[in-house]
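For reference, the structure discussed in these notes is given below.
The values are calculated or read from the model by the stated rules, or taken from the named source; none is laboratory data. What you see is a predicted model; the values in this text were computed from it and never measured. Cβ coordinates were reconstructed from backbone atoms using ideal geometry, including for glycine residues, and neighbour counts include every protein chain displayed. Note: accessible area is taken over every heavy atom of the protein model, side chains too, but ligands, DNA and RNA are not part of it. Shrake-Rupley method; radii C 1.70, N 1.55, O 1.52, S 1.80 Å.
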Amino acid sequence: MNFIEKAKAKALGESTLLSRLQLIAGESPPRPYFPLHASSLTRPKPEFCPREAAIMMALKRQEDPQHIGMATRVAFDIGEAIHDMVRDKWLRPYAVGNWECWKCEYTHQFSRVPKSDKCPGCHEYTTWIYRELVAVGTTLPVTGSLDVVVDLGMPKHFLTEVKSIDKDQFNQLAAPLAEHRVRTNLYLHLVADSDVPWKDSIDLTRAKVLYVSKGYGQKNIQGTISPFKEFDVVYTPESIAPYLAKADLLKQYIDHGKMPKGICPTSFVPRVKACHCPKECWGTQFPPAP
Ligand code: SF4
Ligand SMILES: [Zn+2]
């Protein structure tokens with residue numbers, strides 16, 4: 001809690017709930033540049049710059065922790081809770097992943113939810129909790145956590161991206177948003193590029209994006225009010241080529257010390273304001289490799 005929020009909490013009085021709820025605001029640690037997370041590589045703003053990542057790594061510097069205010073914290077946590085409901089409750093019988101005992105952390109790897117509630121690790125009755133599968137590229141320094149993999153009785157399982165969205169945006173949605181389409185493609189690519197033992201169980205030609213409304217939902221073509229919209233995303237390598245090219249530039253730096261060129265054409269474009277090392281970028285210390 002920063003100084004202003006502390007003062008606000010005090011002003012609210014010690015006997016109010018709000019004075020305590022203010023305390024959920026706080027700092028969020030920055031994501032590392034290596035391994036690079038798929039969501040950092042594909043985020044629309046600020047756009048990922050391989051030069052910024054390489055310079056920050058060369059300087060052994062990290063981004064400042066991000067301040068998360070109370071309302072943003074609640075919005076993030078509601079989004080996370082919806083993800084958990086999809087995997088641990090609504091799609092529980094079909095969700096394939098790592099199921100962890102909440103008592104001892106014993107984990108059934110890459111399976112549907114265990115039929116027995118008795119844990120082989122602690123030998124007690126337990127609740128199994130879904131843990132995301134992770135794919136790490138072998139040719140690119142990129143990692144991705146897969147929201148959920150589902151077994152629909154087809155020859156292969158479907159990788160599924162889950163997105164909770166505002167009700168008005170949900171009602172207007174007729175196709176996956178570009179950002180989600182790209183990220184889903186990148187996850188398919190990462191699984192194909194990884195050496196995970198379950199790779200052959202996943203359909204690598206297409207995946208699903210499941211949107212969940214934060215409101216009540218909308219009437220679907222069957223006439224049912226539904227808070228869910230499901231879209232298939234066909235793997236299109238062209239859609240992720242620019243992102244893979246950027247990840248490769250970072251790899252060239254990590255493996256061979258080749259400093260990448262940046263994404264800003266001049267030092268006056270808006271992206272420079274969001275950069276963590278603009279002085280070093282436009283100075284003489286880190287010339288881009290030819
Ligand atoms: S100023 Fe632009 S090009 Fe330079 S490192 Fe920052 S984001 Fe990249
Ligand atoms: Zn256990």
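Using a ≥ b ≥ c from the Cα gyration tensor of the chain (square roots of the eigenvalues), is it rounded, prolate or oblate, where a/c under 1.5 gives rounded and otherwise the larger of a/b and b/c decides, a/b for prolate? In terms of gyration-tensor shape, oblate. Its Cα centre serving as origin, the chain has a Cβ charge dipole (Lys and Arg +1, Asp and Glu -1) of approximately 540 debye.
Can you return the aspartates and glutamates within cross-link range of Lys45? Criterion is Cα-Cα under 17 Å, with same-chain partners fewer than 8 residues away left out. Within the straight-line cut-off, Lys45 pairs with Glu63, Asp64, Glu179.
The solvent-accessible area of Glu179, taken with every protein chain present and a 1.4 Å probe, is close to 60 Å².
Residues Asp232, Asp193, ordered by accessible area of protein heavy atoms at a 1.4 angstrom probe radius and largest first, appear as Asp232, Asp193. Remark: the range 185-231 is approximated by an ellipsoid whose semi-axes, taken from the C-alpha gyration tensor as √(5λ), come to 32, 10, 8 Å, largest first.
Here the range 121-181 is treated as an ellipsoid with the same Cα gyration tensor; its semi-axes, largest first and in whole Å, are 28, 20, 14. Of the residues Ile221, Ile82, Ile263, the one with the largest accessible area comes first in the ranking Ile221, Ile263, Ile82, computed with a 1.4 Å probe on protein heavy atoms. By the helix-only formula, in which each DSSP H run with n ≥ 4 contributes -39500 (n - 2.57) and the sum is divided by residues, the chain has a 222 nm mean residue ellipticity of -9000 deg cm²/dmol. The string of couplings for the range 268-274 from the Karplus curve (6.51, -1.76, 1.60, θ = phi - 60°) is 10, 6, x, 4, 4, 5, 8 Hz, one whole number per residue in order, with x for Gly and Pro. Taking only protein heavy atoms and a 1.4 Å probe, the accessible area of the chain is 58% carbon and sulfur.
Each part reduced to its alpha carbon centroid, the range 251-283 and the range 102-135 end up 44 Å apart. Per residue, the average separation of C-alpha pairs within less than 8 Å and at least 6 apart gives the chain a relative contact order of 18 percent. Spatially close Lys pairs in the range 123-222, defined by Cα atoms under 28 Å apart and a spacing of eight or more places or different chains, total 11.
Computed over protein heavy atoms with a 1.4 Å probe, the accessible surface of the chain works out to 57 Å² per residue. In sequence order, the range 82-91 has phi-based couplings of 5, 4, 5, 5, 4, 7, 8, 10, 5, 10 Hz under the Karplus curve 6.51 cos²θ - 1.76 cosθ + 1.60, θ = phi - 60°, and Gly or Pro positions carry x.
Can you give the accessible area of Thr138, probe radius 1.4 Å, in Å² rounded to 10? The accessible area of Thr138 comes to roughly 80 Å².
For Val233, the residues whose modelled amide H falls within less than 5 Å of its own, excluding neighbours fewer than 5 places apart on the same chain, are Ala207, Lys208, Val209. Accessible area of Arg92 (1.4 Å probe, protein heavy atoms only, ligands and nucleic acids ignored): about 60 Å².
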